[in-house]
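Trainee: First, the structure itself, so that you have it in front of you.
Each reported figure results from applying straightforward, stated rules to the coordinates on display, with no laboratory input. Keep in mind the model is a prediction, meaning the values are calculated, not measured. Cβ placement follows ideal geometry from the backbone for every residue including glycine, while neighbour counts extend to all protein chains displayed.
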Amino acid sequence: MESLELLKKLTLASGISGHETEIAKIMKQELAGTVDSNMDRMGSISFRFEGKCPKILFIAHQDEIGFIVGDIMESGFIKIQPIGGWDPNTLLSSPVKIINRNGEEHDGIIGSVPVHFQQNGNGKPNIASMFVDVGAQSKQDLIENFGINLGDQIVPITNFHYSKQNKRILSKAFDDRVGIASVIEVAKFTSEIEHPNTVICTGSVQEEIGGRGAASIAQHTDADICIVLEGAPADDIPGIPGNSQTGIGHGAHVRLFDPTMMVKKGLADFIVNTANKYDISIQTTIRKGGGTDGAKLHYANYGIPTIVLGTPVRYAHSHNCLMSLTDYENLMKLLEKIVTDLDENAYNEIIK
């Protein structure tokens, strides 16, 4: 399946905030022969399919969370600086790879103290006390023979697995490589049809450290509508308070509110009505925490009606995540209908 292969390629690629080059390269490869790409000076990449009003921006962020080399100890162990939000409980003994400035990769492990040496459990894990071990004998060895220096990228090592039972996928970085896959597939779809609008498909950068790429995009975009595509954290696992609003296998995530953005009623109505019209499974959601690129984009220019759509993802911001291909397929059906149905008349209804 093409979608499955695309998700595999994107999730296994490396690209933490500030190091998104490999993801942009994949986007260019996948969309070669459609339209020319444009990249801003921060690294966000866009593909614009010209048409009429309205101008619809589909945007997902290229970056994943990870680490950089924060310090090098004389012993050759590496202290890590987190890039994005990590739960330290998920990290000890996890395999990682360090990518040095020459593109060379070195496997390592986030060190943990063996139970034989622990006293009263050694307390709760914290990232400040963690280190990466690549087997270097000293700082000099690490620098001279491994070529590892301050600031080098550190990313999780994981596998990609597809289970035919219930069409589940396990891998890393679904936040937000599943969004990037959606952007790529929307662009391919748009390139093959007559569309009543202008479609802009964008991969932003540095979302995980405050939406910095989106802040730059907000200064120059001429979009009329913004659709933010995300790997949306699922809330259907034990231990999460409240009712589940974003579960695996129940359809695309449609976010009506989070603390950084309230969706314009006209846009929310259009999305929900479109899903109902075409019998597309969705889950409307109110989020009490978190935010996306929409936080920066919805008040750009004179204000851009913005909504977050996505694929539910369990265990987001960890080495290994789980999603449903069925949810992704429902999202793609919805996005394709947005492209074909969001014309000037629909836009005027949204903004009135």
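Trainee: Restricting things to Cα coordinates, could you compute the convex hull volume per residue of segment 1-152 in Å³?
Mentor: Working: hull volume 24.9 nm³, N = 152.
About 164 Å³ per residue, rounded to a whole number.
Trainee: On to the next question. Just rank Cys226, Cys321, Cys53, fewest to most, by other beta-carbon atoms within 10 angstrom. Mind dumping the intermediate values first?
Mentor: Details: Cys226 27, Cys321 24, Cys53 13.
The fewest-first ordering by Cβ neighbours comes to Cys53, Cys321, Cys226.
Trainee: What nm value, rounded to one decimal, do you get for the distance between Ile157 and Ile240 when each label is placed 7 Å out toward the C-beta?
Mentor: Placing both labels 7 Å along Cα→Cβ, they lie 3.0 nm apart.
Trainee: Moving to a separate point now. R0 = 25 Å: FRET efficiency of Asn89 with Lys9, Cβ-based, nearest 0.05?
Mentor: For Asn89 and Lys9, the calculated efficiency is 0.25.
Trainee: If you filter segment 154-232 for GluC sites (Glu not before Pro), then keep DSSP loop positions with at most 12 other Cβ within 10 Å, what is left? Present the calculation step by step, with values, prior to reporting the outcome.
Mentor: Numbers: sites: Glu185, Glu192, Glu194, Glu207, Glu208, Glu230; in loops: Glu192, Glu194.
Those that pass, being in a loop and sparsely packed, are Glu192, Glu194.
Trainee: Where does the chain land on Rg/Rh, using Cα atoms and the Kirkwood Rh?
Mentor: Values: Rg = 21.0 Å, Rh = 21.0 Å.
Reported Rg/Rh, Kirkwood definition of Rh: 1.00.
Trainee: Out of Ser163, Ser182, Ser318, any idea which swings most in a Gaussian network model of the chain, alpha carbons joined below 10 Å?
Mentor: Highest fluctuation of the listed residues: Ser163.
Trainee: Could you sort the peptides 273-281, 197-205, 217-225 by per-residue average Cβ neighbour count (10 Å cutoff), highest mean leading?
Mentor: On the way: 273-281: 14.3, 197-205: 27.7, 217-225: 18.2.
Ranking, from highest mean packing down: 197-205, 217-225, 273-281.
Trainee: To continue, here is another question. With respect to the cross-link table entries Lys265/Lys288; Lys8/Lys265; Lys97/Lys188, which display a Cα-Cα separation exceeding 25 Å?
Mentor: Details: Lys265/Lys288 18 Å; Lys8/Lys265 36 Å; Lys97/Lys188 32 Å.
Too far apart for the 25 Å limit: Lys8/Lys265; Lys97/Lys188.
Trainee: Which aspartates and glutamates does Lys277 reach when only Cα atoms under 18 Å apart count, and residues fewer than 8 places away in its own chain are ignored?
Mentor: List returned: Asp269, Asp327, Glu329, Glu336, Asp341, Asp343, Glu349.
Trainee: Kirkwood-based Rg over Rh for segment 72-156 (C-alpha set), two decimals?
Mentor: 0.98
Trainee: Here is a follow-up. Per residue of segment 170-184, in order, report the coupling 6.51 cos²θ - 1.76 cosθ + 1.60 (Karplus, θ = phi - 60°) as ³J(HN,Hα) in whole Hz, putting x for Gly and Pro.
Mentor: 10, 5, 9, 6, 4, 8, 9, 5, 5, x, 4, 4, 4, 4, 4
Trainee: Another one. As an exercise, use a Förster radius of 35 Å and the Cβ-Cβ distance of Asp36 and Ser75 to find the FRET efficiency, rounded to the nearest 0.05. Don't jump to the answer; show the numbers that get you there.
Mentor: Numbers: r = 50 Å, r/R0 = 1.43.
It comes to 0.10.
Trainee: Straight-line reach from Lys139: which aspartates and glutamates have a Cα under 14 Å away, not including same-chain ones fewer than 8 places off?
Mentor: Asp71, Glu74
Trainee: Here is a follow-up. So which of Lys25/Lys333; Lys124/Lys172; Lys55/Lys264 end up more than 19 Å apart, counting from Cα to Cα?
Mentor: Details: Lys25/Lys333 26 Å; Lys124/Lys172 24 Å; Lys55/Lys264 17 Å.
Distance filter (> 19 Å) returns Lys25/Lys333; Lys124/Lys172.
Trainee: Taking the Cα atoms of segment 147-222, report the difference between the largest and smallest coordinate on each principal axis, in whole Å and largest first.
Mentor: Dimensions of segment 147-222 along the principal axes of its Cα atoms: 48, 42, 22 Å.
Trainee: Now for a separate question. What's the exposure ranking of Ile248, Ile65, Ile237, Ile157, going from fewest to most Cβ atoms within 10 Å? Numbers along the way, then the final one.
Mentor: Values: Ile248 19, Ile65 22, Ile237 12, Ile157 16.
Arranged by neighbour count, lowest to highest, Ile248, Ile65, Ile237, Ile157 become Ile237, Ile157, Ile248, Ile65.
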